[in-house]
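For reference, the structure is listed below as structure tokens.
Derivation of every value follows stated rules applied to the coordinates shown; laboratory data play no part. Model, not experiment: these values are computed from the prediction. All Cβ positions, glycine included, derive from the backbone under ideal geometry; neighbour counts span all protein chains shown.
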Amino acid sequence: MTDPTTQLKTEHEDDTQTGKFLTFLIGTDVYGIEIRYVTEIIGIQAITEVPELPEHIRGIINLRGKIIPVMDVRLRFKKPFRDYNDRTCIVVVDLSEVSIGLIVDSVSEVVQIAEEDIVPPPDLKSGNPQGFIKGVGKVGGEIKLLLDGDKLLQHEEAEHLSHL
């Protein structure tokens, strides 16, 4: 039997995360990912390259004794590589039961976006490769491209990375 206190606490935690997105920059574009996926944000650090991984998987890092693969979001979105600097961050997320670091140009803020302010992405033939964009959030006069955390990693990649 489930402890009702535990169940209420879990439901409350889910409620407090609903509609919250961590936003970050890739170039001048603002992206967001649901806060429920985010474990932590760290500065860029030494990355060990691993042979025969896709180009956008830059390698692995040692995070307090845990080996975490890192993905350069710029490369995942087929944007040109940019040297890392003091604003570059690694957003550690749990996707498809795999912890992975997402390398982003810089982290912006956590924003609350009401469900009615999120619209489906435009249906562009060459846009939204692999369905990475779940929706477009409207915040004030700005738009935020909201990522689908479940589609950032393809099943085969998640399977392969879980064995690193």
Worksheet, complete the sentence: Within the stretch 65-119, the residues that are of a type in the set (S, T, Y) and in contact with a Leu (Cβ under 7 Å, 6 or more places away or on another chain) are S96, S106, S108
Fill in: Hits in the stretch 58-94 - residues which are among the charged types (D, E, K, R), exposed (fewer than 13 other Cβ atoms within 10 Å of the Cβ) and out of contact with any strand residue (DSSP E or B) (no Cβ under 8 Å at 6 or more places or on another chain)
R64, K78, D83
Response to the item:
Picking from I68, I100, the residue that is in contact with a Pro (Cβ under 8 Å, 6 or more places away or on another chain) and part of a strand (DSSP E or B) would be I100
Discussion item. Quick check on my filter: what residues within the stretch 32-60 are farther than 30 Å from I118 by Cβ, among the hydrophobic types (A, V, I, L, M, F, W, C) and not in a loop (DSSP other than H, G, I, E, B)?
Written reply: I60
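Rundown of residues vs (1) without any contact (Cβ under 8 Å) to a residue 40 or more places away in the chain; (2) touching a Gly at 6+ places or on another chain (Cβ under 7 Å), yes/no style:
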| residue | (1), (2) |
| --- | --- |
| D72 | yes, no |
| E97 | no, no |
| D105 | no, yes |
| E109 | no, no |
| E116 | yes, no |
| P122 | yes, no |
| K134 | yes, no |
| K138 | yes, no |
